[in-house]
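*Asks:* Before we start, here is the structure in question, set down as structure tokens.
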Amino acid sequence: MANATVPYVGPDGRLWIDITANKTLLATELGWVQNVIADGLTLTPPASATLLAGATLVIRNGGVPSTGGPVGTGSSGTVGFVLTPASGDGVTGNGFTAAADKGITYVKAQGNIGDEVTMVAAGSNTAKAWNIASVRGKLAAWTRTA
């Protein structure tokens, strides 16, 4: 199944887009909630150096929908994914020390529908390219990639 290309207004009033396949995020999609509704995906944000400092990326566990059911009908513990930054970029915050080429693994066994991470671009290609601004859900669900 291909990823959606048109966002919709989620129940919280923000723009959401459903993610069902591996995806390289576009700069034009930053600020939208990337609602992950398939398991085992890899997401790659744009290189931070190509963005204005302060650009925001939100990734949410939407849960795998129940068979034949609409988005939001899934169960907790059904979605896990990896966020892999662009070469040279890294993720810091949430207890992660700055390290280039290190991202985030979201562990589905620890996760619940509605968990999300908000990251802010530094606007430069460094180990601190993406700074975690907030995490919703169990901290144990958000781990450092190897």
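Derivation of every value follows stated rules applied to the coordinates shown; laboratory data play no part. It should be emphasised that the depicted structure is a prediction, and the values quoted were computed from it without experimental measurement. We place every Cβ from the backbone using ideal geometry, glycine too, and count neighbours over all the protein chains shown.
*Asks:* Which order do the peptides 25-32, 44-51 come out in when sorted by mean C-beta neighbours inside 10 angstrom, highest first?
*Replies:* Result, highest mean first: 44-51, 25-32.
*Asks:* Going by average Cβ density within 10 Å per residue, which order do the peptides 100-113, 132-145 take, highest to lowest?
*Replies:* Those peptides, ordered most packed to least, come out 100-113, 132-145.
*Asks:* Quick one: Cα centre-to-centre distance for the stretch 14-69 and the stretch 70-124, in angstrom?
*Replies:* Result: 10 Å between the Cα centres.
*Asks:* While we're here: Per 5 Å bin, what is the whole-percent P(r) computed from every C-alpha pair distance within the chain?
*Replies:* Over the chain, the share of Cα pairs per 5 Å bin runs 2, 11, 21, 24, 22, 13, 5, 2, 0 percent.
*Asks:* Something else about it: In the neighborhood of L25, defined by Cβ-to-Cβ distances under 14 Å, what is the net charge if each Lys or Arg adds +1 and each Asp or Glu adds -1?
*Replies:* Within the 14 Å Cβ shell, the charges total -1.
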